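Take a look at the structure below.
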Amino acid sequence: MADNITFDPPSNLSLLQSDEFVIAHSFRADGTLLQSGDTEAANSAWVWKSYGLADARARRIIETDLSLPEVVRDALLSPGDQYQITYEDGWLYGELPDLQHKHYGDPRELSYFRFAFNGRLFISGRRHPLQSVDDVRRAIVGGKVKPISPKALFNAIFRRFLDLLKTEITDLSETLDSIEDHIVGENWQGERERLVPVRRQIVVFHRYLTAATGLFRHIDHADRRAFPEELDDLVEGLSRRAETLHSEGEQLQQRARLLQDELLAKLTDQSNRFLYVLSIMTAVLLPSTVISGLFGMNTGGLPLAQSDHGFLLITLLALGTSAIVYFVVRKIGRPRK
């Protein structure tokens with residue numbers, strides 16, 4: 001179900017609620033997790049709550065949590081999926097892309113990551129297991145990542161998504177390199193079947209990167225004056241990172257388009273050569289067909305009908321005519337100097 005469900009938490013993980021539809025982690029000011037049953041739990045620096053929005057119980061918890069602003073609850077429980085990010089009343093909330101978890105779906109398919117956070121609380125929700133969220137959670141549990149605030153957690157999750165997307169784009173680039181080598185080396189038969197799904201995947205990634213980049217650019221211009229300085233720096237840094245990756249995706253898309261155009265040109269050239277050979281064969285065999293058809297009529301008065309050498313003479317006539325047509329066509333098709 002959710003990325004947190006399949007993980008067996010260690011003893012140092014503080015679970016505010018252990019139900020399968022919501023898991024919460026309490027953090028100290030230095031970003032470390034509070035131990036289970038720690039007396040400092042009530043005085044934790046901040047809390048991360050993760051909800052499985054496909055579960056009605058999780059949705060009910062959010063609906064009845066009056067400590068959350070109404071706009072935040074509406075954003076987390078919205079029936080539709082659309083990329084958005086908004087800052088209002090000290091809360092940054094919205095919906096951003098993430099890759100589906102590799103163990104529970106197609107790791108190259110994108111899903112939706114819903115979030116909302118202020119200075120002391122980070123809420124995340126998803127309908128499908130998400131790879132970036134699970135990777136960051138595991139890194140936190142293992143002590144490799146120590147987010148000192150909800151802002152740092154949001155930064156870690158979205159940067160992890162961009163890193164995963166960067167890896168996917170790199171793999172697609174290497175596949176394009178292989179296809180390009182085959183096309184240049186005239187060993188391009190069958191490369192069209194490889195290129196089509198690669199280009200489709202590039203288009204999908206580029207589309208979502210465009211949406212994410214546009215969201216950060218929009219909030220940067222619309223809400224920047226209301227941002228605290230640290231949140232302003234966060235959005236600016238993520239926006240730059242997303243724009244850089246967006247540019248790489250754009251270049252990759254152009255490469256794929258050029259390779260497809262070159263491949264289509266080669267296919268067209270091959271078809272033209274086949275048609276040229278077929279046209280020559282048709283022109284060469286046409287006189288023989290006419291002559292054999294003419295002398296094959298069952299009517300009286302045909303020349304050479306009574307001759308012992310009639311068949312041989314007609315055969316030589318047909319071959320000679322075809323030979324003359326062949327040399328004429330070859331002379332016409334010979335490039336002029």
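Bear in mind that the values in this text are calculations on the coordinates, not laboratory data. If you're wondering where the values come from, they're calculated on a predicted model, not measured in any experiment. Don't worry about glycine lacking a Cβ; one is built from the backbone with ideal geometry, like all the others, and counts go over all protein chains shown.
Whole-Hz Karplus ³J(HN,Hα) for region 201-211, in order, using 6.51 cos²θ - 1.76 cosθ + 1.60 and θ = phi - 60°, x for Gly and Pro?
Result, ordered by residue: 5, 4, 4, 5, 4, 5, 5, 6, 5, 4, 5 Hz.
If we count other beta carbons within 10 Å of each Cβ, what is the order of 93, 326, fewest first? Could you put the intermediate results ahead of the total?
Details: 93 23, 326 16.
Ordered by Cβ neighbours within 10 Å, fewest first: 326, 93.
What residue among 234, 285, 130 shows peak mean-square fluctuation when the chain is described by a Gaussian network model with Cα springs under 10 Å?
The residue that fluctuates most here is 285.
Along Cα→Cβ, 7 Å out, is where each label goes; now give me the distance between the ones at residue 54 and residue 305 in nm to one decimal.
Calculated label separation equals 8.5 nm.
How large is the convex hull of the Cα atoms of the chain per residue, expressed in Å³ as a whole number? If you can, show how the numbers build up before the last one.
Working: hull volume 82.2 nm³, N = 337.
It is 244 Å³ per residue.
Please rank 98, 89, fewest neighbouring Cβ atoms within 10 Å first, as an exposure proxy.
89, 98
Once amide H atoms are placed 1.01 Å from N in the peptide plane, what residues at a sequence separation of 5 or more from residue 130, or on another chain, have their amide H within under 5 Å of its amide H?
Amide H neighbours of residue 130: 3, 101.
May I have the count of lysine pairs in the chain with C-alpha atoms under 30 Å apart, counting pairs 8 or more residues apart or located on different chains?
Step by step, the pairs that qualify in the chain add up to 14.
Starting at the first residue of region 72-81, write each ³J(HN,Hα) from the Karplus equation 6.51 cos²θ - 1.76 cosθ + 1.60 with θ = phi - 60°, in whole Hz, x for Gly and Pro.
5, 4, 5, 5, 5, 9, 4, x, x, 10
State the Cα centre-to-centre distance between region 279-337 and region 43-74 in whole Å.
The two parts, judged by their Cα centres, are 88 Å apart.
Check residue 121: other-chain or 5+ apart residues with amide H under 5 Å from its amide H, H built from backbone geometry?
Answer set, sorted by chain and number: 47.
For the chain, what does -39500 (n - 2.57) per DSSP helix run (n ≥ 4), summed and divided by total residues, give at 222 nm, in deg cm²/dmol to the nearest 500? Display every interim value, and only then the final one.
Values: 7 runs with 185 residues, N = 337.
It lands at -19500 deg cm²/dmol.
Tabulate in residue order the Karplus-calculated ³J(HN,Hα) for region 44-56, using 6.51 cos²θ - 1.76 cosθ + 1.60 with θ = phi - 60°, rounded to whole Hz; enter x for Gly and Pro.
Values per residue, Gly and Pro as x: 5, 5, 6, 9, 10, 10, 10, 10, x, 6, 6, 9, 4 Hz.
Under 5 Å between amide hydrogens, which residues at least 5 positions from residue 302 or on another chain qualify, with H placed 1.01 Å from N in the peptide plane?
none
How much length, in nm to one decimal, is gained on full extension between residue 141 and residue 290, taken as 0.36 nm per residue of separation minus their Cα-Cα distance?
Working: separation 149, 0.36 × 149 = 53.64 nm, distance 8.63 nm.
Answer, rounded to one decimal: 45.0 nm.
How large is the dipole of the chain about the Cα centre if only Lys and Arg carry +1 and Asp and Glu carry -1, each at its Cβ, rounded to the nearest 20 debye?
On the way: 39 positive and 45 negative charges, 287 e Å.
Around 1380 debye, computed over the chain.
Pairing the Cα long axis of helix 150-184 with the longest principal axis of the chain, what angle in degrees results, from 0 to 90 and rounded to the nearest 10?
10
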